[in-house]
Amino acid sequence: MAMISLQQIEKRYPGTSAPAVRALSLDIEEGETVALVGPSGCGKTTTLKMINRLIEPTGGVLLLQGTDVLQRDPVELRRGIGYVIQHTGLMPHRTIRQNMATVPTLLGWDDTRAAQRVEELTEIFDLDPELLDRYPAELSGGQRQRVGVARALAADPPVMLMDEPFAAVDPIVRARLQDQFLDIQERLKKTIVFVTHDVDEAIKLSDRIAILNVGGVLEQFAPAEEILREPANDFVREFVGAERGLKRLALIKVGDIPLEAGPVVAPSATAEEARAAIEAGGFDFVSVVIDGELLGWIDRDMLDGATTVSDTTPRPFNAYVTARDSLRQALDAIVTSRSGVAVVATHGQHYKGILTLERISKEIIS
Amino acid sequence: MIGAVLQQVAALVAQIDPDEPLVRWIWISDNMDEIVGRGLQHLYLTLVAVVVGFVIAFPMAILASRHRWVVRPATWISGVLYTIPAIAFIFLLLPLTGLSLTTVAVPLIAYSLLILFRNTLAGLDAVDRDVKEAALGMGFSSRQLLWRVEVPLALPVIIAGLRIATVSAIGLVTVAALLGRGGFGQFILEGVDRFFPTPLVVGVVLSVAFAIVADLLLVGLQRLVTPWAKMAGTRTVAT
């Protein structure tokens, strides 16, 4: 059973001919993060707000954990759903501590329990405890945004709704908040629906993306990788924009694709063998590896006058990628390296293989 | 207009004995009881004007912030009342309520009404929409939203209204001296009538001092109840 199920949901505002949202159906599973994206007027915020009844649907059925939200008391319903908005909406006259304890207080938790929860959240969100007794106006934009998300999670709701949660902060802070969000979500496994106008944010944060067109028409609802690989139609293709291939590369991990072994020699190899390996590899270097451990690289010049590889001092790779990096990062490593190839190793320098431009472009085309 | 006033002042000054000092201290100590009595009357009338005015204006403003159609008629009525000159207002009421306290209190309340209504409404309207939306989204009922979010956040502007209403009420009470209920204004009238500067100076100085003290107390109250407003740099709106 889907955690949130929108069935033929419609929203018409009085006095307008076209509905803001028409016959929209979406099933959101437990523990997944779904992004609603689309141009302005696509009804993404309206759709989000219909889930907690800040906006009442005029048609269709909206089920939350199997029950029709219209059958529930809206105030009680909202207390069970986390809600985050763009400008946080922190209460300026309440301290950070009081702000974070808002929903627990509404639910009538006793002070000890609420205080304990605030402590927990402070830790989870890596907030400075000194901030707790300040007022929102004394915090930076990024800090306020973190408090906004922490506040939404205070009563540990299974579902969280976020309306452009990171749009109001600068790009550097935004990237940090997004990373933190991913970390926390990995641990908490909430069911999250968020609205964004930023396709890259949707790609980065969500398990599935719902792309809406004007009037709340669902154009495609799929994982980011699929949307980038196979856009359902021209609208989606245009909306996800240029660099579709690059964006997809950001979603594929180096470890997900087969690697080439690459030219490798052991320190015990002769200079002759090393030269042959360079020749065979088609690059101008050979990796020096002993018992799976990467020592560095050598080229033909370094082999001059050497009898064996151990006579040389292999140079460390300036940049290598790990299996957990994305193909986009690998591509960056390739284009910035002199050798035109990315060497894959673990952080402990265990040699895994190499990744070439050809291999990556094959991935883009497939 | 100004010329006429100056002529009157000159005439008044001409009739005062040139040897008469500005303040006869003995008069003050001889009349201490009356000064205290007038002071209490002044305080009482001011409190009635502001408190009763607020009791009417506050629910009116809440109603208007919830139902926008109320704004127009409420502003219109309180606006019309505000334009009636104080003396005219008192004489209009005389046939109805005689020389009673009501005749004095009604115009005073009517004046504070407009100031308090407008400021309270402005304060409620100025509450950040995002804050209200987030509060609703977290499950505040509409009553909780009003008392826990909107009213506390409107306090700086509401108190700014109370300051203006209080200071103007203190000034207006002196006009009620015409009916013998003017607090310190009584001394001003007495001084003018008897060409005797001491009560006039006492009346003016005490009225002004009262207004300043009341204003400072309200500023103090605002600092006390809105510790957050200092950091937020909250704008106060005055009508």
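Can you tell me how much longer the chain between residue A:134 and residue A:246 gets when fully stretched, taken as 0.36 nm per residue apart minus their C-alpha distance, in nm with one decimal? List each step's numbers first, then the result.
Numbers: separation 112, 0.36 × 112 = 40.32 nm, distance 4.30 nm.
Extending this stretch completely gives an extra 36.0 nm.
Could you check the simple spin-label distance between residue B:94 and residue A:237, using points 7 Å along Cα→Cβ, in nm with one decimal?
Going by the 7 Å Cα→Cβ label model, 9.0 nm.
Expressed as a rounded percentage, what relative contact order does chain A have, with Cα pairs under 8 Å and six or more residues apart? Please report the intermediate quantities before stating the final value.
Details: 682 pairs, mean separation 56.9, N = 366.
About 16 percent, as a whole number.
My understanding is that a pair violates if its Cα-Cα distance is over 26 Å; which of A:11/A:247; A:44/B:230; A:11/A:204; A:190/A:253 do that in this structure?
Correct reply: A:11/A:247; A:44/B:230; A:11/A:204.
Per residue, how much space in cubic angstrom lies within the convex hull of the C-alpha atoms of chain B? Mind showing how you got there, number by number?
On the way: hull volume 38.6 nm³, N = 239.
Convex hull of Cα atoms, per residue: 162 Å³.
So if R0 is 41 Å, what FRET efficiency would residue B:225 and residue A:315 give, r being the distance between their Cβ atoms, rounded to the nearest 0.05?
Values: r = 69 Å, r/R0 = 1.68.
E(calc), rounded to 0.05, equals 0.05.
Given the C-alpha atoms of segment A:264-319, compute the convex hull and give its volume per residue in Å³. Walk me through the intermediate numbers first.
On the way: hull volume 4.0 nm³, N = 56.
Per-residue hull volume (Cα only) is 72 Å³.
What nm value, rounded to one decimal, do you get for the distance between residue B:8 and residue B:213 when each label is placed 7 Å out toward the C-beta?
2.9 nm
Enter the buried accessible area of the A/B pair, total of both sides, probe 1.4 Å, in Å² rounded to the nearest 100.
Details: alone 17660 and 13450 Å², together 29230 Å².
The contact between B and A buries close to 1900 Å².
Along Cα→Cβ, 7 Å out, is where each label goes; now give me the distance between the ones at residue A:182 and residue A:72 in nm to one decimal.
3.0 nm
Placing +1 on the Cβ of each Lys and Arg and -1 on the Cβ of each Asp and Glu in chain A, which of A:167, A:286, A:242 has its Cα farthest towards the positive end of the resulting dipole?
Looking along the dipole axis, the top candidate is A:167.
I need the phi-derived Karplus couplings for segment A:12-18: 6.51 cos²θ - 1.76 cosθ + 1.60, θ = phi - 60°, integer Hz, Gly and Pro marked x.
Result, ordered by residue: 10, 8, x, x, 10, 7, 8 Hz.
Which whole number gives the average count of other chain Cβ atoms within 10 Å of the Cβ atoms across peptide B:138-149? Please report the intermediate quantities before stating the final value.
Values: counts 17, 16, 6, 6, 1, 0, 2, 0, 0, 0, 6, 5.
Mean number of neighbouring Cβ atoms from other chains: 5.
Can you tally the net charge around residue A:171? Count Lys and Arg as +1, Asp and Glu as -1, for every other residue whose Cβ sits under 15 Å from the Cβ of residue A:171. Walk me through the numbers on the way to the answer.
Values: positive: A:174, A:176, A:204; negative: A:164, A:170, A:179, A:198, A:200, A:201.
Net charge around residue A:171: -3.
With a bin width of 10 angstrom, please list the P(r) values of segment B:95-206 as percents of all Cα-Cα pairs, from the 0 bin to the one holding the largest distance.
14, 28, 22, 17, 12, 6, 1
Averaged over its residues, how many other protein chain Cβ atoms are within 10 Å of peptide A:92-98's Cβ atoms? Don't jump to the answer; show the numbers that get you there.
Numbers: counts 12, 14, 5, 2, 0, 0, 0.
Partner Cβ neighbours, averaged per residue: 5.
Give me the inter-chain shielding for A:5-15: mean count of other chain Cβ atoms within 10 Å, whole number please. Intermediate results must be reported in sequence, preceding the final value.
Numbers: counts 0, 0, 0, 0, 0, 0, 0, 0, 0, 0, 0.
Counting Cβ atoms of other protein chains within 10 Å of each residue's Cβ and averaging gives 0.
For segment A:233-340, with all protein chains present and a 1.4 Å probe, just round the carbon and sulfur fraction of the accessible area to a whole percent.
Numbers: 2840 of 5900 Å².
Of all accessible area on segment A:233-340, carbon and sulfur atoms account for 48 percent.
Over the Cα atoms of segment B:186-234, what is the Rg over Rh ratio if Rh follows Kirkwood?
Numbers: Rg = 17.9 Å, Rh = 12.9 Å.
Taking Rh as the inverse mean 1/r over Cα pairs, Rg/Rh reads 1.38.
Using the heavy atoms of the protein chains and a 1.4 angstrom probe, tell me the accessible area per residue for the protein assembly as shown in square angstrom. Provide the component values of the computation, followed by the final result.
Working: 29230 Å² over 605 residues.
On a per-residue basis, the protein assembly as shown sits at 48 Å².
Hey, with R₀ at 22 Å, roughly what FRET efficiency would residue A:284 and residue A:253 work out to, going by the Cβ-Cβ distance, to 0.05?
Working: r = 28 Å, r/R0 = 1.27.
After rounding to 0.05, the efficiency reads 0.20.
Using packing as a proxy for protection, rank B:23-32, A:106-115, B:138-147 so that the peptide with the highest average count of other Cβ atoms within 10 Å comes first.
Values: B:23-32: 12.1, A:106-115: 13.7, B:138-147: 16.3.
Peptide ranking by packing, descending: B:138-147, A:106-115, B:23-32.
When the helices in chain B are scored as -39500 (n - 2.57) per DSSP H run of 4 or longer and the sum is shared across all residues, what 222 nm value do you end up with, to the nearest 500 deg cm²/dmol?
On the way: 11 runs with 180 residues, N = 239.
It lands at -25000 deg cm²/dmol.
Just going by the charge dipole of segment A:1-41, with Lys and Arg at +1 and Asp and Glu at -1 on Cβ, which of A:26, A:15, A:1 is farthest out on the positive end?
A:15
Enumerate the aspartates and glutamates that residue A:352 could reach by cross-link, defined here as Cα to Cα under 17 Å, with residues fewer than 8 away along the same chain left out.
A:256, A:260, A:291, A:293, A:325
What FRET efficiency do you get for residue A:272 and residue A:332 if R0 is 41 Å and r is their Cβ-Cβ distance, rounded to the nearest 0.05? Intermediate results must be reported in sequence, preceding the final value.
On the way: r = 35 Å, r/R0 = 0.86.
With R0 = 41 Å, the Cβ-Cβ based efficiency is 0.70.
With runs of 4+ DSSP H residues as the only contributors, calculate the mean residue ellipticity of chain A at 222 nm using -39,500 (n - 2.57) per run, divided by the residue total and rounded to the nearest 500.
Details: 15 runs with 128 residues, N = 366.
Rounded to the nearest 500, it is -9500 deg cm²/dmol.
Show me, for segment A:44-56, the HN-Hα J-couplings you get by feeding each phi into the Karplus relation (A = 6.51, B = -1.76, C = 1.60, θ = phi - 60°), rounded to Hz, glycine and proline as x.
5, 5, 4, 4, 4, 6, 6, 5, 9, 6, 5, 10, 8
Using the alpha carbon gyration tensor of the protein assembly as shown, what are the three equivalent-ellipsoid semi-axes (square root of 5 times each eigenvalue), largest first, in whole Å? All intermediate terms of the calculation are to be shown ahead of the outcome.
On the way: eigenvalues 1155, 188, 78 Å².
One finds semi-axes of 76, 31, 20 Å for the protein assembly as shown.
The values are calculated or read from the model by the stated rules, or taken from the named source; none is laboratory data. Worth saying up front: this structure is predicted, and the values here are computed from it rather than measured. When we count neighbours, we look across all protein chains shown, and the Cβ atoms used for this are built from the backbone with ideal geometry, even at glycine. Note: accessible area is taken over every heavy atom of the protein model, side chains too, but ligands, DNA and RNA are not part of it. Shrake-Rupley method; radii C 1.70, N 1.55, O 1.52, S 1.80 Å.
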